[in-house]
Amino acid sequence: MLAEELVRIGEKIISMRKIQDSIQKILKLRSSGLSQQEAANLLHLDRTFISRLESIGEVRKGKKIAVFGFPLRNKDEIGKIAVDHGVDFIWLMNEAERWDLVKDKSALDFFNQLMELITKLQSYDVVIIIGSRRWLKIAEALLTGELIFLELGQSPIIGDRVLNPDFFRETLVKLVKE
């Protein structure tokens, strides 16, 4: 068993574990939809403490953003850029992963997985679609949020394509500033 990290501040002994556990509770309550005041009341804290805590950890304000795209040769690079800009949901695949998604699955299993993805994407304010125009048309029919389309090529795209990372970064910077 690992020793608990304790910090001495004057006469006080502070438990890092208790602080981390409390922060996790606060963030779980807030992300579940409770207001700062409601979370503060439940945990017997000041609302201003929760506000300051959120300010310390804030990556960005604004719209919830998702990125979905394939077939990307540079998916790891694009994914890292998305993470660095605080994108909330990232699903990027290369050509092999795209085919693995459907291989060895029943039609029902694939349909259920697809419906889960669509349901998840519907909860985002902005969805960046990376792929062919065919997928943009499908997204327009199924999703209610704002769509940003970054075209990799004409349908059907065969083989992995490279998305210009600088262009992607600029797109995210513009979205985050809005």
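The values are calculated or read from the model by the stated rules, or taken from the named source; none is laboratory data. It should be emphasised that the depicted structure is a prediction, and the values quoted were computed from it without experimental measurement. Cβ sites come from the backbone with ideal geometry, for glycine too, and all protein chains shown count toward neighbours. Please note that ligands, DNA and RNA were not included when accessible areas were found on the heavy atoms of the full protein model with its side chains. Shrake-Rupley method; radii C 1.70, N 1.55, O 1.52, S 1.80 Å.
Results, tabulated for the structure shown:
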item: For region 143-155, 3J(HN,Hα) per residue [Karplus equation, 6.51 cos²θ - 1.76 cosθ + 1.60, θ = phi - 60°, Hz, x = Gly/Pro]; result: 10, 9, x, 5, 10, 10, 10, 10, 7, 9, x, 7, 6
item: Solvent exposure, largest accessible area first (probe 1.4 Å, DNA, RNA and ligands not counted), of 14, 19, 78; result: 19, 14, 78
item: Three-way shape call for region 1-40 based on the alpha-carbon gyration tensor, with the a/c threshold at 1.5; result: oblate
item: Degrees separating the helix 47-57 axis from the principal Cα axis of the chain, which is the longest one; result: 50 degrees
item: MRE, 222 nm, helices only [DSSP H, n ≥ 4, -39500 (n - 2.57), over the chain, to nearest 500]; result: -16000 deg cm²/dmol
item: Among 112, 82, 156 the positive-end extreme of the charge dipole of region 67-178 (Cβ point charges); result: 156
item: 5 angstrom amide H check on residue 152, placed H, neighbours 5+ away; result: 131, 132
item: Selected from 24, 122, 36 as most flexible by GNM, with the chain as the system and alpha-carbon contacts under 10 Å; result: 24
item: Within the accessible area of the chain (1.4 Å probe), percent carbon and sulfur; result: 55 percent
item: In order through region 128-133: 3J(HN,Hα) via Karplus (6.51 cos²θ - 1.76 cosθ + 1.60), integer Hz, x for Gly, Pro; result: 8, 9, 10, x, 9, 4
item: Principal axis dimensions, the chain - Cα atoms, whole angstrom, descending; result: 68, 41, 32
item: Average accessible surface area per residue within the chain, 1.4 Å rolling probe, Å²; result: 67 Å²
item: Rounded D (µm²/s) - region 102-178, Kirkwood Rh over Cα pairs, Stokes-Einstein at 20 °C, 1.002 mPa s; result: 151 µm²/s
